[in-house]
Amino acid sequence: MLGAAGYAGWKYVLPWWKTQPPPASGGELKVFVLDVGPVNGDSMLIVSPSGKTILIDAGDAGKGKVILEVLKRNNIQQLDYFIATHPHPDHIGGADEVMKVTKVLNVIDNGEPPDVPESLLPQAKPTPTSRNAPRTRPRTTSRTASVIKFYEEYKEAVTNSGAQYEKAGLSKQYDIGGGARLTVFAPSEPLFTRDQMKTGGNLPNANSIVIRLDYGDFSMLLTGDAEEQTEHRMLTKDLNLRTTIIKVAHHGSKYATSEPFVDRVKPRVAIVSCGEWNRYGHPAQVVLDRLKTAGATLYRTDMHGEISIITRGRENDFAVKTSKELKGDVWEGRMAQKDDSTRTGFIAYGDFGPPPKPKKPSK
Ligand SMILES: [Zn+2]
């Protein structure tokens with residue numbers, strides 16, 4: 001009997017116990033969803049109950065100052081982790097600005113370079129006819145260089161920071177102190193390839209890092225710019241997707257936050273990080289309708305500014321604060337400037353024209 005009980009314990013209880021987060025210390029855990037608008041972008045700061053700090057994404061180039069201001073306000077001198085969800089400028093563009101002045105101990109990303117479109121790759125030069133002719137190396141075109149500049153700057157900043165670098169791996173866990181924990185839910189190997197992209201799909205987005213944050217009875221799902229394909233993969237794996245709060249994928253794009261995924265996550269609060277000048281139709285009405293039907297409370301950085309969450313990890317214990325008072329209908333989505341549903345792959349800012357000029361205040 002004892003042996004059977006022991007076997008059952010080893011087979012069922014141990015794996016269950018291993019997936020349970022450590023007990024909450026009762027200290028405050030804070031999550032800030034930063035306002036890195038008015039063009040699109042993502043940046044989130046987690047301060048664990050023991051004071052460990054995690055920055056997930058850093059907004060677009062020039063947004064480092066927003067992050068540095070938040071670090072200063074919270075008296076944060078160093079970052080224990082910087083996590084880059086995927087190599088797109090609206091997520092890592094401001095990373096070098098932060099890393100140049102803030103000590104970062106660990107950097108985690110998905111190990112993938114940006115997906116540069118065929119048309120921007122350097123053309124192969126004809127082979128020289130003379131054996132003595134100097135070999136010409138294909139040179140990076142200026143357009144390619146400008147397209148990947150944000151990535152070069154990010155890589156250089158990581159190298160110069162002296163931080164420990166780690167590639168994200170499925171189910172890897174990080175103890176961030178005080179009973180709080182991060183778990184990687186995506187990407188999973190083998191990573192998506194360009195030919196697997198569905199129409200409207202974007203490769204770096206599909207391979208975004210997705211992280212679950214646990215603290216006692218509180219949990220949050222941080223989805224980067226994940227695509228529906230990423231969600232589908234997570235649904236087919238044995239992952240605990242049910243979470244208190246979701247950072248909605250891809251700024252509320254219609255290519256993510258699918259119905260089966262929302263059904264599994266069952267978020268009580270949904271947060272969309274998007275800019276009021278974005279040209280992509282973020283957040284999409286269809287996504288907002290899905291979240292509303294699921295009974296979630298909605299917050300948006302384009303309407304609420306910075307959104308902060310404080311919890312002590314007990315059940316039903318979290319407070320959400322916003323830096324701006326809501327004006328207008330939070331459940332009203334935005335229209336895309338162009339219909340991009342027939343194309344796949346690289347979508348740069350240039351494809352959608354410049355953001356509108358801010359209106360001059362009327363006298
Ligand atoms: Zn993005």
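Quick note: the coordinates plus some simple rules give every number you see, no bench work behind them. Note that the structure is a prediction, hence the values are computed from the model and not measured. Neighbour counts run over all protein chains shown; Cβ positions are idealised from the backbone, glycine included.
What the table shows:
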item: Label-to-label distance, nm, for residues given as residue 310 and residue 28 (7 Å Cα→Cβ offset); result: 0.3 nm
item: Distance from region 143-190 to region 226-253 (C-alpha centre basis), Å; result: 19 Å
item: FRET efficiency estimate (nearest 0.05) - Cβ-Cβ, residue 293 to residue 100, R0 56 angstrom; result: 0.80
item: Extension gain, residue 319 back to residue 116 (0.36 nm per residue minus Cα-Cα distance, nm); result: 68.9 nm
item: Considering only region 11-122, percent of DSSP beta bridges that pair antiparallel, nearest 5; result: 50 percent
item: Kirkwood hydrodynamic radius of region 209-311, from inverse mean 1/r over distinct Cα pairs, in Å; result: 13.6 Å
item: Using θ = phi - 60° and Karplus 6.51 cos²θ - 1.76 cosθ + 1.60, couplings along region 174-182 (whole Hz; Gly, Pro as x); result: 10, 7, 9, x, x, x, 9, 8, 10
item: Potential extension, residue 159-residue 72 segment - 0.36 nm per residue separation minus Cα distance; result: 28.9 nm
item: Which of 289, 214 has the fewest Cβ neighbours within 10 Å, and the rest in rising order; result: 289, 214
item: In order through region 189-194: 3J(HN,Hα) via Karplus (6.51 cos²θ - 1.76 cosθ + 1.60), integer Hz, x for Gly, Pro; result: 7, x, 4, 4, 10, 4
item: Sorted by Cβ density within 10 Å, fewest first, the residues 66, 36, 287; result: 66, 287, 36
item: Formal net charge of residues neighbouring residue 189 (Cβ-Cβ distance under 13 Å; K, R +1; D, E -1); result: +3
item: Amide H within-cut-off set for residue 219, under 5 Å, with H built and near neighbours excluded; result: 244, 245
item: Cut-off under 5 Å, modelled amide H: who pairs with residue 300 long-range; result: 272
item: Residues 251, 91, 304 arranged by fewest to most Cβ contacts within 10 Å; result: 304, 251, 91
item: Cut-off under 5 Å, modelled amide H: who pairs with residue 83 long-range; result: 55, 56, 57, 108
item: Distance in nm between pseudo-label sites at residue 172 and residue 242 (7 Å out along the Cβ direction from Cα); result: 2.9 nm
item: Note, ³J(HN,Hα) from phi for region 103-113, Karplus 6.51, -1.76, 1.60, rounded to Hz, x at Gly and Pro; result: 5, 10, 7, 9, 10, 10, 9, 8, x, 9, x
item: For residue 170, net neighbour charge (Lys/Arg +1, Asp/Glu -1) across residues whose Cβ lies under 9 Å away; result: +1
item: Translational diffusion of region 73-115, µm² s⁻¹ [Kirkwood Rh, Cα pairs; Stokes-Einstein; 20 °C; 1.002 mPa s]; result: 189 µm²/s
